[in-house]
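Below is one structure, written out as structure tokens; the observations come after it.
Each reported figure results from applying straightforward, stated rules to the coordinates on display, with no laboratory input. Everything quoted here is computed from the prediction, not taken from an experiment. Note: ideal-geometry Cβ built from the backbone for every residue, glycine included; neighbour counts use all protein chains shown.
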Amino acid sequence: MKGVMKENYSKSLVLSLVGLVILFLLVISVSLATFVYSKTGTITNTIQTGTLMMTYTEGNTGIKIDNALPMSDEVGKTLKEENEMFQFTVSSTIRGDAAIRYEIAAIKKDTSTLSDDMVKLYLERSSDGVNYLESMAPTEFTPISEQSSLGSPAGSMIIESGTFTQTQTNHYILRMWLKEEVTLPNIPQQYAVTVSVYGGI
Amino acid sequence: MKDNSSKQILLSVLGVAILVVAVVGVSFAAFSYSKKGAVENTISTGTLSMTYTEGDTGISITNAMPMSDDTGKTLDGDNEKFEFTVSANISGTATINYEVAAIKKEGSNIPDENVRLYLEKDSVGVFGPDPFTAGSQTAVGSPDGSMVIDSGTFTATMTNSYVLRMWLAEDAEIGETSQTYTVTVNVYGQA
């Protein structure tokens with residue numbers, strides 16, 4: 001009697017367990033199958049970069065004046081021979097809402113033996129390459145003591161700074177001459193600069 | 001639990017810090033431009049110099065006697081004439097204006113009108129014979145009280161050779177006491 005009861009109890013237990021498992025599985029299946037939905041969207045969401053570019057283009061020839069004599073600013077500003085002026089352009093290409101800050105720096109070469117206060121630099125700017133206006137008055141070379149935030153190096157002279165907010169080209173003419181008050185040295189001396197351009201946003 | 005909470009806070013802070021650095025890094029890298037020019041712009045001075053060179057001896061005439069201009073112009077002894085040169089060294093297109101000026105020394109007590117000065121340049125008479133006449137300061141630089149005895153322009157490297165002679169005018173009267181008359185020569189130039 002006891003043996004039969006035990007056997008029946010075991011069977012019941014097993015059946016209960018199986019039933020529970022089956023029930024568990026059924027519940028999950030039902031839960032999973034209760035709701036399924038999918039839809040492919042039609043709206044595209046896009047990001048695209050604009051265009052941000054700067055270009056510095058030098059003219060074919062620069063200033064090369066031999067046997068230079070002192071001259072007044074009025075005369076220096078009107079020097080017009082090919083070897084008496086340096087022409088270059090600084091351009092920006094901007095698509096989108098951006099602004100490029102830029103600097104034009106004159107870098108004095110180590111071979112210069114004339115002192116800074118004996119030479120004047122003069123810069124003109126034009127938007128069309130034809131009509132030029134004064135951008136920097138005749139000024140002695142005045143170096144900056146520290147590198148600027150845009151990168152003009154210490155010891156250079158910033159001769160122009162500005163901001164581009166759209167695609168455009170600025171045309172420049174640089175002139176350089178011996179100051180009127182200079183007493184010529186007994187031995188030949190020289191002064192040489194190059195021009196570099198730095199930009200950033 | 002406290003330990004977990006601390007770890008979570010630390011991780012959060014670290015995450016935010018990394019995010020900040022990433023954002024800043026992206027901002028700086030967005031755009032920068034630099035281009036160094038290659039064209040060299042140069043001015044060079046030429047040579048511009050002047051030189052005044054005096055001879056070894058000057059005029060030193062003692063017991064001077066009046067003489068005619070014709071005689072005075074031909075004085076040829078070492079102590080009877082003063083030789084000097086004025087040179088220019090010019091490269092390029094430059095012009096130097098120059099003046100040769102006689103400066104009468106203080107203590108000269110012979111009246112100006114009793115003395116004659118005569119200057120030759122490259123063997124050609126360019127001044128006098130004339131008495132000393134003091135002038136005003138000039139644009140080239142000859143000072144007040146000097147007398148310009150020659151002026152000119154150098155446009156190229158060259159040397160001018162001068163001979164100065166000085167004598168008592170023919171009509172000068174010799175006084176009872178000894179008198180003297182002394183001049184020096186200066187040269188001034190300007191470009």
Partner aspartates and glutamates for residue B:73 [C-alpha distance under 13 Å; skip if fewer than 8 residues away on the same chain]: B:120, B:130, B:170
Against the longest principal axis of chain B, how steep is helix B:2-29, in degrees 0 to 90 to the nearest 10, with axes from Cα atoms? 40
If the chain between residue A:83 and residue A:149 were fully extended at 0.36 nm per residue, the gain over the current Cα-Cα distance would be 20.5 nm
Let a ≥ b ≥ c be the square roots of the eigenvalues of the Cα gyration tensor of the range B:48-190; is it rounded (a/c under 1.5), or, if not, prolate (a/b larger than b/c) or oblate? prolate
Mean Cα-pair separation over length for chain B, i.e. relative contact order, pairs under 8 Å, 6 or more apart, %: 27
Sort out for me the Cα centre separation of the range A:87-153 from the range B:138-186, rounded to whole Å. 55
How far is helix A:2-33 tilted off the main Cα axis of chain A, in degrees rounded to 10, range 0 to 90? 30
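With r as the distance between the Cβ atoms of residue A:47 and residue A:15 and R0 = 51 Å, compute the FRET efficiency 1/(1 + (r/R0)^6) and round to 0.05. It would help to have the intermediate numbers written out before the result.
Working: r = 62 Å, r/R0 = 1.21.
In this case the efficiency is close to 0.25.
Do the alpha carbons of any pairs in A:80/B:35; A:108/B:36; A:179/B:121 sit beyond 24 Å of each other, and which pairs? Each step should come with its number before you reach the end.
Working: A:80/B:35 26 Å; A:108/B:36 12 Å; A:179/B:121 35 Å.
From the list (A:80/B:35; A:108/B:36; A:179/B:121), the Cα-Cα distance tops 24 Å for A:80/B:35; A:179/B:121.
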Taking N as the residue count of the protein assembly as shown, its alpha carbon Rg divided by 2.2 N^0.38 Å gives 2.19
For q = 0.11, 0.17, 0.18, 0.19 Å⁻¹, Debye-computed log10 I/I(0) when each Cα of chain A counts as one equal scatterer: -0.65, -1.15, -1.24, -1.33
List the trypsin sites (Lys or Arg not before Pro) within the range A:40-104 that fall in a DSSP loop (any state other than H, G, I, E or B) and whose Cβ has at most 15 other Cβ atoms within 10 Å. A:80
